[in-house]
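All remarks here apply to the structure that follows.
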């Protein structure tokens with residue numbers, strides 16, 4: 001993978017890879033946003049920070065992801081069977097089936113936060 005986002009084949013579908021470097025990652029469902037935390041001050045109000053910075057994000061990467069339906073966010077060190085059968089930590093992400101635009105951008109605010117944001121929009125008409 002050359003950038004912050006990519007797709008790989010997993011069975012009959014394609015999986016979104018939100019980055020190749022370790023980072024705590026979560027999903028903000030109201031914003032359809034994966035948030036990868038590189039560094040953040042402990043007392044930072046993440047919603048207020050996102051309100052402030054989202055309009056200014058330079059979305060420097062973009063791709064189209066054909067989503068078959070709800071997805072799961074999990075640590076790639078685990079196999080699919082481990083996540084499903086053994087209950088490793090995972091987060092279900094409710095996504096409608098269809099083509100989603102996925103874009104990635106960086107936010108770096110000195111002494112406050114350094115985040116990689118991955119926004120999903122769609123589905124779009126095929």
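Restricting attention to region 13-33, report how many residues are in contact with a strand residue (DSSP E or B) (Cβ under 9 Å, 6 or more places away or on another chain), without any contact (Cβ under 8 Å) to a residue 40 or more places away in the chain and part of a loop (DSSP other than H, G, I, E, B).
Counting residues in region 13-33 that are in contact with a strand residue (DSSP E or B) (Cβ under 9 Å, 6 or more places away or on another chain), without any contact (Cβ under 8 Å) to a residue 40 or more places away in the chain and part of a loop (DSSP other than H, G, I, E, B) gives 2.
Count, please, the residues in region 47-87 that happen to be modelled with pLDDT under 90, assigned to a loop (DSSP other than H, G, I, E, B) and surrounded by 14 or more Cβ atoms within 10 Å (Cβ to Cβ).
Total satisfying the criteria: 1.
Among the residues of region 34-45, how many are surrounded by fewer than 16 Cβ atoms within 10 Å (Cβ to Cβ), touching a residue at least 24 places away in the same chain (Cβ under 8 Å) and either outside any strand (DSSP E or B) or in contact with a helix residue (DSSP H, G or I) (Cβ under 8 Å, 6 or more places away or on another chain) (or both)? Don't jump to the end; show me each part of the working.
Here is the first cut: in region 34-45, the ones surrounded by fewer than 16 Cβ atoms within 10 Å (Cβ to Cβ) are 37, 39, 41-45.
If we keep only those that are touching a residue at least 24 places away in the same chain (Cβ under 8 Å) as well, we get 37, 39, 41, 44.
Still in the running and either outside any strand (DSSP E or B) or in contact with a helix residue (DSSP H, G or I) (Cβ under 8 Å, 6 or more places away or on another chain) (or both): 41, 44.
Going through region 34-45 one residue at a time, the tally reaches 2.
The values are calculated or read from the model by the stated rules, or taken from the named source; none is laboratory data. Predicted model only: the values in this text are computed from it and were never measured. All Cβ positions, even for glycine, are placed from backbone atoms using ideal geometry, and neighbour counts span all protein chains on display.
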